[in-house]
Amino acid sequence: MSLPHAILTALLERPSSGLELTRRFDRSIGYFWSATHQQIYRELGKLEADGQIRALASAQPTRGQKKSYEVLPAGRAELARWTAAAQDPKPHRDALLLRLRAAAVVGTEGLEADLRRHLALHRRQLAEYEDIERRDFPPGKDSPEDRLRHLVLRAGIDLETFWTGWLTRAVEEVAAMPDRSAG
């Protein structure tokens, strides 16, 4: 149930069109809550039908013009309710970890190369997050809003730091194993 809340958050930060929301998801929110263009538009329709958002009046009504949306009081109240509610952590599901477990019984063929590929991807993501941190959170930028946004980014940095460290060890371990395939 978090996609509507991600959209409400984004719209409270800045009224936007569906296309602008999609771009913002690609650049920021999507790092921790992804959604396709179709999912965003479908959810905008539901939020509008539920009276939580509305399309802003256009200065020039023309056919095919993009609609921008803003959050209504009911949407703000829903987001506040959801933010204040307790939620248990979700179990982590990762196909790579399952594949490692399966390799224990069927062999490690191809595993080292994919671990190296994952390591390169996580290193790139970590570098991107660190660039965002340098650009968007210089020393002294510490309003409560900035501090909360920085905490979200720090979670991404810390997770990528974990994954790069763990994958480095995993590559070393798998590389040191004798080749074996299931027989």
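The values are calculated or read from the model by the stated rules, or taken from the named source; none is laboratory data. In this text, all values refer to a predicted model and were calculated from it rather than measured experimentally. Using ideal geometry, Cβ is built from the backbone for each residue, glycine included, and neighbour counts are taken over all protein chains shown. The protein model used for the area step is the full one, side chains on, heavy atoms only, and it has no ligands, DNA or RNA in it. Shrake-Rupley method; radii C 1.70, N 1.55, O 1.52, S 1.80 Å.
Only Cα pairs within less than 10 Å get springs; with that Gaussian network setup on the chain, which residue of D114, D94, D50 has the largest fluctuation?
D94
How large is ³J(HN,Hα) for each residue in segment 125-138, as worked out from phi by the Karplus curve 6.51 cos²θ - 1.76 cosθ + 1.60 (θ = phi - 60°), to whole Hz, x for Gly and Pro?
Calculated HN-Hα couplings, in order: 5, 4, 4, 5, 4, 5, 5, 4, 4, 4, 6, 9, 9, x Hz.
I need the phi-derived Karplus couplings for segment 118-123: 6.51 cos²θ - 1.76 cosθ + 1.60, θ = phi - 60°, integer Hz, Gly and Pro marked x.
4, 4, 4, 5, 5, 5
Within segment 8-35, whose backbone N sits under 17 Å from a point 7 Å along Cα→Cβ of A55?
What the label zone holds, given the 17 Å backbone N cut-off, is 15-22.
Could the peptides 149-159, 6-16 be put in order, highest first, of the mean number of other beta-carbon atoms found within 10 Å of their residues?
Ranking, from highest mean packing down: 6-16, 149-159.
With unit charges on the beta carbons (Lys and Arg positive, Asp and Glu negative) and the dipole taken about the Cα centre of segment 1-80, which residue among G45, P15, S58 sits farthest to the positive side?
About the Cα centre, the residue reaching furthest to the positive side is S58.
Using the heavy atoms of the protein chains and a 1.4 angstrom probe, tell me the accessible area per residue for segment 65-146 in square angstrom.
74
When you have a sec, figure out the Kirkwood radius of segment 59-165 from all distinct Cα pair distances and drop it here in Å to one decimal? Write out the running numbers ahead of the final one.
Numbers: mean 1/r = 0.0540 Å⁻¹.
Every distinct Cα pair counted, the radius reaches 18.5 Å.
Taking amide H positions as placed in the peptide plane 1.01 Å from N, state which residues far from Y69 in sequence (5 or more) or on other chains have amide H under 5 Å from it.
Sorted by chain and number, the residues that satisfy this are S16, S17, L56.
Return a whole-number percent for the relative contact order of segment 40-183, with Cα pairs under 8 Å and 6 or more residues apart as the contact set.
Normalised by residue count, the contact order of segment 40-183 is 25 percent.
Which percent of the accessible heavy-atom area of the chain goes to carbon and sulfur, probe 1.4 angstrom? Walk me through the intermediate numbers first.
Details: 6890 of 12540 Å².
Answer for the chain is 55 percent, counting heavy atoms of protein chains only.
Stretched out fully, how many nm does the piece from K46 to E128 gain, at 0.36 nm a residue minus the Cα gap? Let's see the in-between values first.
Working: separation 82, 0.36 × 82 = 29.52 nm, distance 3.34 nm.
Extending this stretch completely gives an extra 26.2 nm.
Please give the contour-minus-distance gain from L12 to E172: 0.36 nm per residue of separation, less the Cα-Cα distance, rounded to one decimal in nm.
Going from the current span to full extension adds 53.0 nm.
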